[in-house]
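The values are calculated or read from the model by the stated rules, or taken from the named source; none is laboratory data. Keep in mind the model is a prediction, meaning the values are calculated, not measured. Virtual Cβ from ideal backbone geometry, glycine too; neighbours counted across all protein chains shown.
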Amino acid sequence: MSTVPQRFVILVVPEHVEDRGRASVEDSAVRAAVVEATGETGNSGYPRYAGHGIVADIDPETRTVEAILLDGRELDYGLTPLVRDADQG
């Protein structure tokens, strides 16, 4: 039996960053937020998570963002959302 996580961290990172040097993905993010399960299912068919101006449908098994809005707007080209477990250090 698998349980759906109640929260994730979403990192929005630029696609064009080829060499981060010693910077972590977290340090390269232009935006990061903890999102929590809303109990709703999004139009994509996956659970919806929201928090800090981000609303996202996330596949909890693959940790893939299937749909996302930042402050009510679509994600700009060149930006990629990444998902991390909220308890990941």
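Which condition number does residue 23 fail, the rest of (1) surrounded by 16 or more Cβ atoms within 10 Å (Cβ to Cβ); (2) outside any strand (DSSP E or B); (3) among the hydrophobic types (A, V, I, L, M, F, W, C) being met?
Of the numbered conditions (1) surrounded by 16 or more Cβ atoms within 10 Å (Cβ to Cβ); (2) outside any strand (DSSP E or B); (3) among the hydrophobic types (A, V, I, L, M, F, W, C), the odd one out for residue 23 is (1).
Would you confirm whether any residue within segment 33-53 is of a type in the set (Phe, Trp, Tyr), surrounded by 15 or more Cβ atoms within 10 Å (Cβ to Cβ) and free of Cβ contacts under 8 Å to residues at least 60 places away in the same chain?
So the first thing to find is which residues in segment 33-53 are of a type in the set (Phe, Trp, Tyr), and the list is 46, 49.
If we keep only those that are surrounded by 15 or more Cβ atoms within 10 Å (Cβ to Cβ) too, we end up with 46, 49.
Among the residues that remain, those that are also free of Cβ contacts under 8 Å to residues at least 60 places away in the same chain are: 46, 49.
Within segment 33-53 (the criterion being of a type in the set (Phe, Trp, Tyr), surrounded by 15 or more Cβ atoms within 10 Å (Cβ to Cβ) and free of Cβ contacts under 8 Å to residues at least 60 places away in the same chain), the answer is yes, since at least one residue qualifies.
Going by what's in this entry, would residue 73 be described as surrounded by fewer than 17 Cβ atoms within 10 Å (Cβ to Cβ) and at pLDDT 95 or above?
Working: surrounded by fewer than 17 Cβ atoms within 10 Å (Cβ to Cβ): yes; at pLDDT 95 or above: yes.
Judged against the criteria, residue 73 is a match.
Hey, can you tell me all the residues within segment 76-89 that are surrounded by 13 or more Cβ atoms within 10 Å (Cβ to Cβ) and over 11 Å from the mean Cα position of the chain (by Cα)?
The answer is 79, and nothing else.
Which residue pairs have Cβ atoms closer than 7 Å, lie 6 or more positions apart in sequence or on different chains, and pair a first residue in segment 54-65 that is part of a strand (DSSP E or B) with a second residue that is of a type in the set (Phe, Trp, Tyr)?
56/49; 57/46; 58/8; 58/46; 58/49; 59/46
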